[in-house]
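Before any comments, here is the structure.
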């Protein structure tokens, strides 16, 4: 699908970290994400627990609770992938990390595996917000939503200032 | 320059939500606000940097504010930590 679009220099495309359904970030019930306190972004309702790198870059922070990971893209975007809501409270249970802080990753590299079924059984929403922590540094952050996505399919388009 | 020390009470520490709220608060001021944990420092207006400090419950941090509104900034940050963390 990527080859169909000619990339412009002033745009950065962020791929979906998971397979699922892309929805507007405002649909996330947690106001931390829905009200864009962490930045603008998008959310994916995952159907598969394998979480992949959304861009080429570096793992700037793998939370030690493994429920979230930040990637700093080679284009300068600071992307937070937060698997589920309030899942910090699981303290790492049901998550397996495949990378560590400081690792260089390519788009599509496996970062974390989440056992979605167990997480849901434990009472957590598995919706996965993908947030641009440095939204201020971009002219625009637009979500591409309303459809089923596979890992790597574009879910956010960032316009450089 | 104004500063204070604080020991984080929330066992989960400065994870995504409190970090987001902290950055939002810090951006209300023109002063440069810095959070220091051991030998690591983060600009309080940068979410990723704040989260990367990896502050957990029981850890001590030092918050400094430097600039025109440093008194107000320091007071607001102190209030934020006491209420949220």
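The values are calculated or read from the model by the stated rules, or taken from the named source; none is laboratory data. Nothing here was measured: the structure is a model prediction, and the numbers come from that model. Counting neighbours? That spans all protein chains shown, and the Cβs are built from the backbone with ideal geometry, glycine included.
Numerical summary
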| item | result |
| --- | --- |
| Whichever residue in segment A:28-46 is touching a strand residue (DSSP E or B) at 6+ places or on another chain (Cβ under 7 Å) and either free of Cβ contacts under 8 Å to residues at least 60 places away in the same chain or assigned to a strand (DSSP E or B) (or both) and, among such residues, is surrounded by the fewest Cβ atoms within 10 Å (Cβ to Cβ) | A:45 |
| Residue within segment A:82-91 that is more than 23 Å from residue A:25 (Cα to Cα) and either in contact (Cβ under 8 Å) with a residue 12 or more places away in the chain or surrounded by 22 or more Cβ atoms within 10 Å (Cβ to Cβ) (or both) present | yes |
| Strands (runs of 3 or more DSSP E) wholly inside segment A:70-161 containing at least 2 residues that are touching a helix residue (DSSP H, G or I) at 6+ places or on another chain (Cβ under 7 Å) | A:78-82, A:128-132, A:138-143 |
| Test: residue in segment B:64-83 that is assigned to a helix (DSSP H, G or I), crowded, with 19+ Cβ neighbours inside 10 Å and either over 11 Å from the mean Cα position of the chain (by Cα) or on the phi > 0 side of the Ramachandran plot (or both) | yes |
| Candidate set: segment A:17-27, residues that are surrounded by 22 or more Cβ atoms within 10 Å (Cβ to Cβ) and within 22 Å of residue B:20 (Cα to Cα); chosen: the one nearest to the other protein chains (Cβ to nearest Cβ) | A:25 |
| Matching residues in segment B:36-63 - criterion: being surrounded by fewer than 17 Cβ atoms within 10 Å (Cβ to Cβ) and more than 14 Å from every other protein chain (Cβ to nearest Cβ) | B:36, B:38, B:39, B:41, B:58, B:60, B:62 |
| Residue ID - surrounded by the most Cβ atoms within 10 Å (Cβ to Cβ), chosen from residues in segment A:47-61 that are at pLDDT 95 or above and part of a strand (DSSP E or B) | A:51 |
| Of all residues making up segment A:38-54, the number that are closer than 18 Å to residue B:52 by Cβ and within 14 Å of chain B (Cβ to nearest Cβ) | 2 |
